[in-house]
Structures are given as C-alpha cells and as structure tokens.
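Structure, as structure tokens:
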Amino acid sequence: FVMNYNITILANLVYANKIMEEKNNQIIWEPQELIYDVGDASNAAFLVIQGYVYLYTSNGLLLGRVGEGEVFGESSCILQTNRSVKAIAGEHKVLATKIPHFSLKRMVKGDKAIAAILRKTQLRLIDSNNQSQDLATDLDSILKKLENKSVDLKLIQDHLQLIRKKLASMQFID
C-alpha cells in the first residue's frame, strides 16, 4: 500500500467526542467543540482565521478568548510540554490554520533572541494562568464558606488576608 502524499485528503476525525474537518492544515471545529484538553500532547499551534476559541484552566476558570488573527496552543508547543489549558470552540464554527510543531520550531530556531523572548513570555503566561487559578480557588472557598449557614467571619477575614498577601507578593515585571 503506497500513499501519495501529494493527494489532498479531507478527513472527518471522530474520537474522544471530537468532530473536526482538516484539509491542507486548515481545520474547522464545530461550535462548543473541545479542541484540546489539559494534559493532551502538544504537536501544533493554531492561527484563528474565523471565530473564537475560549481557554480554560483544568478547574474551568476562563483565562481568555482568542479570535481572528491570534495564535493559541503555541506555549506548550514551544516549551514541548503537554497542554496546560483547555481550548473550546466558541459559539460559532472556528476556522484555523494548523502550525505543526516542526514549523513553529523552525521559525523560532532562526533567531535566538526571538526564541528567548518567546520562551520567557510563554513561561510568564503559564505562571499567570496558575496564579489566576490559585486565586479563583481561594475565592471559591470563601464563597462556599459564606453559603454555609454557620459562617465564621474571622475565618473568612483570615482567608481574605491570605489572598491579599498573595496578590501583594505577585511580581508584575515588564
């Protein structure tokens, strides 16, 4: 069996509740379709042509929205790690160009300064995502305590002081 790699193949891939179309590195995801999940292997980044993609932490905290002309999935691709966030297609179909790992690597490899800047930026982004999730977890804990009928205001006040200390200790470096 010989496969001619010059032939364009339109594939409908159905696995793990994913239905997507891919043709010549152009991908279409259906509305609300899971693009990738936390822990998935990273072998490509994506340039959004049309639509929106929402990025979430493993606990469901919305980190941001990526739209036309923006790239997502590049962090784990550049750092060669598994996905650290969940990506879900927005309310409408999403059309994107797939940027395979080897292409991204070739782009970055061409300029060591750009590679260093991108790597540092990606590490900051991951740290920021982790901090956001940590603070969201703390706030969730406080809300659960407030929903409890036997509220200990001192306990809540202590927890809020801890959050304030965490915020003060976060360094915002340019």
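The values are calculated or read from the model by the stated rules, or taken from the named source; none is laboratory data. The structure displayed is predicted, hence computed values, not measured ones. In this analysis, Cβ positions are derived from the backbone assuming ideal geometry, glycine residues included, and neighbour counts consider all displayed protein chains. These accessible areas exclude ligands, DNA and RNA; they are computed on the full protein's heavy atoms, side chains included. Shrake-Rupley method; radii C 1.70, N 1.55, O 1.52, S 1.80 Å.
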Can you name the condition, by its number, that K105 falls short on among (1) open to solvent by 60 Å² or more (accessible area, probe 1.4 Å); (2) at pLDDT 95 or above; (3) not polar (S, T, N, Q)? (2)
Provide a single number: the residues in segment 23-52 that are in contact with a Lys or Arg (Cβ under 7 Å, 6 or more places away or on another chain), buried (at least 18 other Cβ atoms within 10 Å of the Cβ) and part of a strand (DSSP E or B). 6
Are any residues in segment 131-145 touching a residue at least 12 places away in the same chain (Cβ under 8 Å) and open to solvent by 50 Å² or more (accessible area, probe 1.4 Å), and if so, which ones? Q131, D134, T137, L139, K145
Among the residues that make up segment 121-130, is at least one of them among the acidic types (D, E) and surrounded by 12 or more Cβ atoms within 10 Å (Cβ to Cβ)? yes
